[in-house]
Structure formats: C-alpha cells, structure tokens
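> Right, I'll just put the structure down here and ask away after.
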Amino acid sequence: MRTRGFEVVTKYKDKNINLPQRQTLASAGYDFEAAEDITIPSIWCLDFVRIYRLIRNGHELNELDLERAEKILKPILVPTGIKAYMPEDEVLILANRSSNTFKRNTALPNGIGVIDSDYYNNKNNEGEIYFQFINYGVRPRKIKKGDRIGQGIFMKYLKADDDQPVSQQRAGGFGSSGV
C-alpha cells in the first residue's frame, strides 16, 4: 500500500521528469526540479521602479497605476510536472532552497507553499505542483529544465479540539480553497 510519494502528471509523462529526491542521509526535504526552461524577470525591469518612485514621492496612485502594478508585479509560477499523494492528515510544505536567495536573488513571495492531500489529482490541474518566485536581483533569472528549484517536506498536522467537520470537496486547482 502506498502512503506518500510523488508521480509525474500526465502532460509531462514523456518529458524525462525526475521525481523529487532527498540529497543526503539527513535531508528532510525532497528537491524539486523545473519541468521546463523559464525566465523570471527582475522586478526592477517590470515598472517596479516607476511605481516605487510615485509612492516614495508621495504621489497618490490612480486606478490605472494600481492595475498596471497588479498585472506586472506578480510571482512567476515554475512548473515541476510533479504531483504528490499523502494521507489526509499530512501536508507537503514547499520551501525555497537557501541558494536561491543567497546566490540567485529569487524568493518565494508566499514564504512557503502548502500542498493539501486533496490537491492530488484535482480536476483543474491534476495536482501539479508549482513554485512561485519573484526575482529581486537586477538580472533575469534563467531556470533550465532539471534545475533544482525548491524542496518539499511531508508533515503531519494537528486539528483543534473544537474543529468543525468539513464536508466541502476541493473544487479546483492552484489557490482554490481560498477566497
């Protein structure tokens, strides 16, 4: 009986995707690789400076400024081609690699990612795991297929004493359980 692990999603079945692996005997995290080449543009090249100057100089941003900023200043989703299965009382925590921030100026804007057990095989994206990145460096960050981009750690979670039974089923994919 399989308890927890990884599978390649259908759209990447014949694309030589590697399942996440731990790299050392005491590694808690499974290293995820990028499923394809992708470039993460520098925020400094995305109109960030113009918006920053407006704010810093006390200019009130109009609706057009806000819409442009919201459209442009978004994290880039890097596909892994991987989905994860686990028991209902576990979660897969996605974390950045220390080398990404220290050497490559890329961060996970959400701090960590949370992959719930019911994300597996959801109807919207089959449960494919993506890492969100922003590039705060001055150069574009080029990620090649197969580059290690982040790590996943399986963890048990606890419920509160007064936890209410939930019967709602997951209705979508990425970010679907929120508002």
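The values are calculated or read from the model by the stated rules, or taken from the named source; none is laboratory data. This is a predicted model, so every value here is computed, not measured. Quick reminder, even Gly has a Cβ in these numbers, built from the backbone with ideal geometry, and neighbours come from all protein chains shown.
> Is it the case that some residue within the stretch 50-67 is in a strand (DSSP E or B) and of a type in the set (A, V, I, L, M)?
no
> I would also like to ask the following. Any residue at all in the stretch 2-18 that's in a helix (DSSP H, G or I), charged (D, E, K, R), closer than 17 Å to G127 by Cβ and in contact (Cβ under 8 Å) with a residue 40 or more places away in the chain?
For the stretch 2-18, residues in a helix (DSSP H, G or I), charged (D, E, K, R), closer than 17 Å to G127 by Cβ and in contact (Cβ under 8 Å) with a residue 40 or more places away in the chain: present.
> Same structure, new question: So which strands (runs of 3 or more DSSP E) are wholly in the stretch 126-170 and hold at least 3 residues that are closer than 23 Å to G5 by Cα and in contact with a Pro (Cβ under 6 Å, 6 or more places away or on another chain)?
none
> Also, quick follow-up: For the stretch 68-105, how many residues are basic (K, R), part of a loop (DSSP other than H, G, I, E, B) and surrounded by fewer than 18 Cβ atoms within 10 Å (Cβ to Cβ)?
Residues in the stretch 68-105 being basic (K, R), part of a loop (DSSP other than H, G, I, E, B) and surrounded by fewer than 18 Cβ atoms within 10 Å (Cβ to Cβ): 1 in total.
> Of everything in the stretch 9-57, what is farther than 27 Å from I129 by Cβ, aromatic (F, W, Y) and surrounded by 14 or more Cβ atoms within 10 Å (Cβ to Cβ)? Give them in sequence order.
W44, F48
> Please specify each residue of the stretch 28-69 satisfying the condition of being among the small types (G, A, S) and touching a residue at least 60 places away in the same chain (Cβ under 8 Å).
If the condition is that a residue be among the small types (G, A, S) and touching a residue at least 60 places away in the same chain (Cβ under 8 Å), then A28, G29, A34, A35, S42 are the ones that fit.
> Between residues in the stretch 160-176 that are closer than 19 Å to N110 by Cβ and modelled with pLDDT under 70 and residues that are in a loop (DSSP other than H, G, I, E, B) and not hydrophobic (A, V, I, L, M, F, W, C), which pairs lie under 6 Å by C-beta distance while being six or more apart or on different chains?
R170/N122; G172/N124; G173/N122; G173/N124; G173/N125
> Restricting the search to the stretch 133-146, which residues are surrounded by fewer than 18 Cβ atoms within 10 Å (Cβ to Cβ) and under 23 Å from N16 (Cα atoms)?
Within the stretch 133-146, K142, K144, K145, G146 meet the criteria.
> Mind listing just one residue for me: the one in the stretch 109-133 that is more than 30 Å from S167 (Cβ to Cβ) and modelled with pLDDT of 95 or more and, of those, farthest from the chain's Cα centre (by Cα)?
F133
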